[in-house]
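Below is one structure, written out as structure tokens, with a few remarks after it.
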Amino acid sequence: MTDSSSIVASSQTARYSFLDLYRGLFVVLMLEGHFVRALLLPEIKAGSLFTFHELIHGITAPGFFFGAGFAFAISTSRRWGVVTRFSWGWARRAGRAFMLIAVGYSLHAPYLSLQKTIAEGTADQWEMFLSFGVLQCIGIALLFLYFLLVLLRNDRLFCRTTALLVPALVYLTPSVSTWSLDPSLPLWLRSALNTVTGSPYPIVPFAGFVFAGVVCAWLFLRAEESEAGGRFIRRMLLAGFLLMVFAWVSEQFLLSSPDENAYWSTGPNFFWMRLGILLVVLAALWFLEKFIVHQWFPRWLTVLGVESFFVYLFHLIVLYGWVVNAGIHLLAFFGGALDILQSLLCFFLFLPVMYYGARIWHAMKKQHALLLRGILMWAALSLTYAFLTYPY
């Protein structure tokens, strides 16, 4: 590997549009999956077609995790001198990771009042409140990586350490998940480490996808620096297929899961299968951008990818509701009441709303950044004050 200064120079001004396309693709998959799950009739959900739908969408969240790690590595390589020491710049970036965690928990708050949550919150509400979702998992993984950067400071050592963390997390997942079932452990810790309490995306194994994205991006940047990006992508494509083969062989003959439920939740082979698919998808999108799309690149998809965080938050509030619009959301109006065509129609009608919303948000960030930052700060402080001080 080359030293970090050359990587910084090679990626300082580069914009990797295939990554935006990748994130946009997974945003669309996420929206479609959430709309169908929330609105579809229960009897249709019991059928084989919905089972196939869920199998396909099992890749969506890992896709977000992997993309977050890839973007982290690109951003970090451009600011190596800032992120490898405790500084204001480091604190700002670590603060954003902490913000992801805080927002993730706030989305699950049962009431806009801490006192009411403590006094009246049921066991199910507390499990929901403390459950680990996409934002908490990404936030914890990125915070860990920011501290690891300061601890190691060496570009090569950081990449190798992060690479070793991936199989460590994967193969420790069954043991950690079993250990974390101990009822003497606090609920927040059990929720962070297993799915039994209702967490869809605990740290193990899902942080492994973030770390894998970091390593993949780091190696890609080094290949780009030596003008061998295309060769690396071809190798990544091959590695993706080999990982899928390895996952199948391992499950059949080497390290089989004890039961079907374990395979889908804590199984190492299912992790490798999904990681292999993600490598193939990312490589395919690189080729798509390089040789096929070119001048007619689908801007609407890249806009959704660039502003994926905004889309994620906005659609959750509109579809599932939050403490500020309890009872006034699509799930309350149409939840479990629509057939397949009606559910898909809602998704397709909502997609352009999200696109134009993302465009407006992107323009605000570019043209009125200070104003937008002030509005967001005011909103965050107001909601936090309300949560901490409202009695009921």
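Take the conditions (1) of a type in the set (V, I, T); (2) touching a His at 6+ places or on another chain (Cβ under 9 Å); (3) within 30 Å of W80 (Cα to Cα); V318 misses just one of them, which is (3).
Quick one: which helices (runs of 4 or more DSSP H) sit completely within region 326-390 and have at least 2 residues that are charged (D, E, K, R)? It comes to 340-367. Pairs linking a residue in region 47-64 that is under 17 Å from P202 (Cα atoms) to a residue that is surrounded by fewer than 13 Cβ atoms within 10 Å (Cβ to Cβ), with Cβ atoms under 9 Å and 6 or more positions apart or on different chains, are A61/P200.
Yes/no per residue for (1) modelled with pLDDT of 95 or more; (2) of a type in the set (V, I, T); (3) under 26 Å from F65 (Cα atoms):
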site: L288; (1), (2), (3): no, no, yes
site: W296; (1), (2), (3): no, no, no
site: L301; (1), (2), (3): no, no, yes
site: E307; (1), (2), (3): no, no, yes
site: Y320; (1), (2), (3): no, no, yes
site: V324; (1), (2), (3): no, yes, no
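When restricted to residues that are among the acidic types (D, E) and more than 22 Å from the chain's Cα centre (by Cα), region 306-360 contains 1.
One line per residue, one yes/no per condition, for (1) crowded, with 16+ Cβ neighbours inside 10 Å; (2) small (G, A, S); (3) without any contact (Cβ under 8 Å) to a residue 60 or more places away in the chain:
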| residue | (1), (2), (3) |
| --- | --- |
| Q125 | no, no, yes |
| M128 | yes, no, no |
| L143 | yes, no, yes |
| Y146 | yes, no, no |
| R153 | no, no, no |
| P174 | yes, no, no |
| P183 | no, no, yes |
| Y201 | yes, no, no |
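Restricting the search to helices (runs of 4 or more DSSP H) fully inside region 12-93 and requiring at least 3 residues that are charged (D, E, K, R) and out of contact with any Asp or Glu (no Cβ under 9 Å at 6 or more places or on another chain) gives 17-39. Kindly check whether there is at least one residue in region 6-20 that is modelled with pLDDT of 90 or more and not aromatic (F, W, Y). No, because not a single residue in region 6-20 is modelled with pLDDT of 90 or more and not aromatic (F, W, Y). Looking across region 244-272 at every residue that is among the polar types (S, T, N, Q) and assigned to a helix (DSSP H, G or I), the one that is farthest from L193 (Cα to Cα) is identified as Q252. Please enumerate the residues belonging to region 96-123 that are over 23 Å from the mean Cα position of the chain (by Cα) and exposed (fewer than 15 other Cβ atoms within 10 Å of the Cβ). Hits for region 96-123 are Q115, I118, A119, E120, T122, A123. Considering region 46-95, and only residues there that are basic (K, R) and touching a helix residue (DSSP H, G or I) at 6+ places or on another chain (Cβ under 8 Å), the residue that is nearest to F310 (Cα to Cα) turns out to be R93.
Contact annotation: residue pairs with Cβ atoms under 7 Å, 6 or more positions apart or on different chains, pairing a residue in region 310-334 that is under 10 Å from F35 (Cα atoms) with a partner that is among the aromatic types (F, W, Y), are L319/F35; L331/Y320.
Within region 372-384, can one find any residue that is within 19 Å of I101 (Cα to Cα), touching a residue at least 60 places away in the same chain (Cβ under 8 Å) and under 21 Å from the mean Cα position of the chain (by Cα)? Within region 372-384 (the criterion being within 19 Å of I101 (Cα to Cα), touching a residue at least 60 places away in the same chain (Cβ under 8 Å) and under 21 Å from the mean Cα position of the chain (by Cα)), the answer is no, since none of the residues qualifies. Touching a Pro at 6+ places or on another chain (Cβ under 8 Å) and more than 21 Å from L135 (Cβ to Cβ): is that true of T266 in this structure? Taking the combined requirement at face value, the residue satisfies it.
A quick yes/no check of all residues on (1) modelled with pLDDT under 90; (2) under 25 Å from A94 (Cα atoms); (3) in contact with a Pro (Cβ under 8 Å, 6 or more places away or on another chain):
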residue: L152; (1), (2), (3): no, yes, no
residue: L157; (1), (2), (3): no, yes, no
residue: T162; (1), (2), (3): no, yes, no
residue: L165; (1), (2), (3): no, yes, no
residue: A168; (1), (2), (3): no, yes, no
residue: L172; (1), (2), (3): no, no, no
residue: W179; (1), (2), (3): no, no, no
residue: S191; (1), (2), (3): no, yes, yes
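Exactly one residue among T162, T197 is farther than 23 Å from F309 by Cβ and hydroxyl-bearing (S, T, Y), and that residue is T197. Scanning region 132-143 for residues that are over 20 Å from L219 (Cα atoms) and in a helix (DSSP H, G or I) returns V134, L135, Q136, C137, I138, G139, I140, L143.
The values are calculated or read from the model by the stated rules, or taken from the named source; none is laboratory data. Because the structure is a prediction, the values reported are computed rather than measured. Every residue, glycine as well, gets a Cβ built from its backbone with ideal geometry; the counts of neighbours run over all protein chains shown.
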